[in-house]
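Structure record follows, encoded as structure tokens.
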Amino acid sequence: MSDLAPIVASFYRGLCPPKVLPLDEFARRFLESPIFKGGRYDPSLTPYVIEIMHCLSIGSPVRNVTAIAGTQTFKTALGLAWLIYVIYYSDHEFMHVRPKLESVRQFVRQRIDPLWTLPCLVGRVAPPRSRSKANTVQLKQYDGGFLFCCGTHAPDDLAAHTVKNTWQDEVDREEPSAGKEGPAHGLLPRRTTSYGATAKHLWTSSPTVESGPIWQMWLGSSQGEYHVPCPLCGRSQVLRWECLRWTGDPRGPADELDCWYECPAPDCKGRIDEWRKAGMLAAGTWVHAHPNRPDRGFRLSSLYSPPGWLSWKDMAKEYALAADAYKLGDPEPMRIFRNTSLAEPFEPTGADEVPVNVLLARRESWLEDAIPEGIRVLTCAVDVHDERLDCHVIGYGLAGERWTIDYRVIPGGPVPDEFSRFDWDYLDDLRRERFRRADGVELPIAITLVDLGGHRTDDAYKYTRSRNPRQVVGIFGRDDHTHPRPVVERQARTDEKRRGAKYRIVGTDPAKKNLFACLRNWDPKRPGGPNTWHFPLRDWCDNEWFKQLTGEHEEWVTTKRGRRQRIYVQHRHDNHVLDTAAYSYAGFRVLEIEGRLRGLMNSGACNDGKRSRPPGRADRDADEQVLDGGRLDRLLGRNDPVSDRARPQTSGR
Ligand SMILES: [Zn+2]
């Protein structure tokens, strides 16, 4: 009779297949394994995985799950639990992708092979035999499918199988390109097309830089962050590193260190000890910034690591050591800390780059409604977007000294506003403004450069073509590194396809080289001077603005001809501030090329015809360098509003 029991059982299982449980319920019932700390999957330990597991469950409509996680939170345990679940329910194929073949082999040996002894998987996978094709390091067959593990370096492997479920771990460490077809994370969805909406992808990684794949995926996802209540005031919040406090030396013995979390609520500021974390995690909930997006994203730092795993004290110690190294010029430990423990991207700032907080501290308060006296010429640069114009006004003085005066974002797009005006009309208003200097002189914007190469090219062409070409210039930025370019080409080009419209080519790399040199050139004891850049203490000139300004860094590359050269590489998604600053500087150089600069400099000089301050020797030299470069043949009046008067006024003015 006892011999018949399994047969009877399997007969009944065939008649009424087991009810498919959601993944979290399945894990609670069946998973007892050292892969989960404490030997058994315990949902009270990491309650934040429950929602993610729901997304991975059979029957869930979610196709893409992006999880950015700090070390010792849930990443590997989640992926393995999902793999066990897929095998148990014979839910077709499963592909696991890691950065390199070596890490695949190691992972299979250390984390996957032990799974076959789990009671729920016993007998499901062909036994490992050297000559069996059903169980190799990379391929394991099971009832209803197979597990295939491969590395991102091997395009043939990635393209070899059609699968239903994929899990790519350490996405940001993948090979930049798997053959001709681009990086692995772009290939995987093509492997699952035959499964349509039932296919599932799990992407896990710690981030590297903002332009890295996992951060970009997260930006396109629902952007979930785990909110936990403060046990003292009840305020729901995301745990932030800035709120961690400690007394004592984190590098010393742990028992001499006192470490706690300070609630950031102004009326609370309460001390939260780590033993309260378990309760906070249990009472937490995921809050998604974009709840309607189909792709689900989850981000969790190691501050959420459950009690007994990575402690706040451990993190304080790692941070202190990383900060020490950073001060000595080694950013690597800090990068690792920020990427893997805080689960946030880390912008590479080289030793020659200026950190944002330094720039923030450098801002100057000028007189209200007046611009500094050193300014002689104003230029404006416009970055054209689908729904707005970004306008950057910079004033130039002698010897390359410059001041960012204004940064305006004009909302708009192809549809006029309630006053029947377009963003281009408001740009005309800005161009017509006079900027009063502290000594009473009013300066116009001498030239405005409009980017034709971005969005709404037709609109931008239309705008530049119908304005005075001495005041409005259409440009294309070029950063191809095959041959060196000047900041601006001396000759304007003509676009025959657009009724002879004129435009100029701006070499963005040399322009940015000049900008970064000016950014670095600052002596706090003697602020200002030749080739320096001033910033105003204004609301818009904030952290985000400076991040955009410094959103690129220099890197060495090898050109197609085998030459090594330094180029600017974008490490932030948005860098409109830097782009417009580069175009504005190009505008300054256009004035020089057209021979108008000396006239403008003279007419923009001080009220009484004298310089506002006696120039030093460096000033004179650099001044002559700038001015001698152009054909200094024509003086241009301070006000050159002819074209503005000639043009019909726009409505609503
Ligand atoms: Zn509180």
Residues whose built amide H sits under 5 Å from the amide H of Val377, excluding neighbours closer than 5 in sequence, are Tyr396
Give me the net charge for the shell around Trp116: Cβ to Cβ below 9 angstrom, other residues only, Lys and Arg +1, Asp and Glu -1.
+1
Rounded to whole Å, √(5λ) for the Cα gyration tensor eigenvalues of the range 331-486, largest first, gives 32, 24, 18
In whole Hz and in residue order, list the ³J(HN,Hα) couplings for the range 523-537 that follow from phi through the Karplus curve 6.51 cos²θ - 1.76 cosθ + 1.60, θ = phi - 60°; x for Gly and Pro.
10, x, 6, 10, x, x, x, x, 6, 10, 9, 9, 10, x, 7
Charge sum, other residues only, whose C-beta stays under 14 Å from Thr192's C-beta, Lys/Arg counted +1 and Asp/Glu -1:
+3
Stretched out fully, how many nm does the piece from Trp540 to Lys462 gain, at 0.36 nm a residue minus the Cα gap?
25.1 nm
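By the scheme Lys and Arg +1, Asp and Glu -1, what is the net charge of all other residues having a beta-carbon under 10 Å from that of Gln168?
-2
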Could I have the simple spin-label model distance between Leu219 and Ser420, label points 7 Å from Cα toward Cβ, reported in nm to one decimal?
3.9 nm
Asp143 and Asp324 label points (each 7 Å along its Cα→Cβ direction) are spaced in nm at 5.6 nm
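Would you please name the GluC sites (Glu not before Pro) within the range 411-465 that are DSSP coil residues with at most 13 other C-beta atoms within 10 Å of their C-beta? Don't skip to the end; give the middle numbers.
Numbers: sites: Glu418, Glu433, Glu442; in loops: Glu418, Glu433.
Sparse-neighbourhood loop GluC sites (Glu not before Pro): Glu418.
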Segment His455-Asn357, extension gain: residue separation times 0.36 nm, minus the distance between their alpha carbons:
32.1 nm
Honestly the range 242-356 on the Cα gyration tensor test (a ≥ b ≥ c root eigenvalues; a/c under 1.5 rounded, otherwise a/b vs b/c for prolate or oblate) is just oblate
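Rounded to the nearest 20 debye, what is the charge dipole size of the range 205-335 about its Cα centre when +1 sits on each Lys and Arg Cβ and -1 on each Asp and Glu Cβ?
On the way: 15 positive and 17 negative charges, 93 e Å.
Its charge dipole is roughly 440 debye.
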With r defined as the distance between the Cβ atoms of Phe476 and Ala278 and R0 fixed at 60 Å, what FRET efficiency is calculated, to the nearest 0.05?
0.55
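Coordinate-derived values only; no laboratory data. If you're wondering where the values come from, they're calculated on a predicted model, not measured in any experiment. Virtual Cβ from ideal backbone geometry, glycine too; neighbours counted across all protein chains shown.
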